[in-house]
Amino acid sequence: MGNQGLFLIDQKEGLSLEFSKLASMMKYTRLTTLAEVRDLTVDELDFLINDEANSIGMLLAHMVSIEKAYQIETFEDRDFTEEDIRMLNPALELGEAAREQIKGNPIEYYLEELEQTRKKTLDTFQTLPDSWLFEQAPYWGGQPMNKYFKWFHVMEDELNHRGQIRVIKKLMGVSEK
């Protein structure tokens with residue numbers, strides 16, 4: 001899915017119409033995230049504003065964990081096992097354990113994790129009918145939520161953290177390279 005049609009929310013090859021719309025938005029979101037981080041050094045990825053902050057590397061790892069969590073929840077239609085929680089953390093919950101464990105990785109590590117996780121998402125999207133996106137179940141506070149919203153939330157979470165990444169870069173004095 002190169003950059004052709006980047007600014008078009010439209011039919012994408014290999015995807016049904018609703019999945020095409022979702023994938024179009026997710027692609028643009030991801031490309032703008034990657035533009036913010038692709039040239040960062042390990043020190044910049046590990047920089048902490050204070051003792052309770054998240055680093056850019058932590059936020060990138062969190063994006064991967066969020067997407068993997070929603071793959072489990074929606075593609076496998078099940079709750080997390082203890083093994084899943086161990087695999088998703090500390091990046092899912094962030095905090096002190098993440099500050100201790102998520103560091104020292106070059107940008108290539110995060111880019112590969114982001115790419116492989118997204119590939120699984122898009123490959124699975126190709127196998128599902130549009131109606132799957134509209135399946136509802138009780139979620140936060142028992143409110144009805146459909147799978148479309150859950151995948152919108154994956155993208156929304158990334159957008160939110162990309163904003164944090166931009167603030168961290170500003171505070172570090174890192175401008176566009």
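Data table
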read-out: Local net charge near Pro129, Cβ-Cβ under 12 Å (Lys/Arg +1, Asp/Glu -1); value: -2
read-out: With every protein chain in place, the range 124-171: carbon and sulfur % of accessible area (1.4 Å); value: 58 percent
read-out: FRET efficiency estimate (nearest 0.05) - Cβ-Cβ, Glu83 to Met25, R0 30 angstrom; value: 0.45
read-out: The range 30-113 pair-distance distribution - Cα-Cα, 5 Å bins, rounded %; value: 3, 15, 24, 22, 18, 11, 5, 1
read-out: Net charge, Trp140 excluded, C-beta distance under 13 Å - Lys, Arg +1, Asp, Glu -1; value: 0
read-out: D_trans [Stokes-Einstein, Kirkwood Rh over alpha-carbon pairs] for the range 1-77, 4 °C, 1.567 mPa s, µm² s⁻¹; value: 88 µm²/s
read-out: Listed residues Met25, Met145, Met58, most fluctuating in the chain (Gaussian network, C-alpha, under 10 Å); value: Met145
read-out: Table column - 3J(HN,Hα) (Hz), the range 143-158, Karplus curve with 6.51, -1.76, 1.60, x for Gly and Pro; value: 6, x, 9, 9, 5, 4, 5, 4, 6, 4, 4, 4, 5, 4, 4, 5
read-out: Distant alpha-carbon pairs in the range 91-159 (separation over 18 angstrom), percent; value: 58 percent
read-out: Rounded accessible area of Tyr70 (nearest 10 Å², 1.4 Å probe); value: 20 Å²
read-out: Share of Cα-Cα pairs in the chain lying beyond 24 Å, as whole percent; value: 40 percent
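The values are calculated or read from the model by the stated rules, or taken from the named source; none is laboratory data. Source: prediction; values computed, not measured. Glycine also receives a Cβ, built like all others from the backbone with ideal geometry; neighbour counts cover every protein chain displayed. Areas reflect the complete protein model, heavy atoms only, side chains present, ligands, DNA and RNA absent. Shrake-Rupley method; radii C 1.70, N 1.55, O 1.52, S 1.80 Å.
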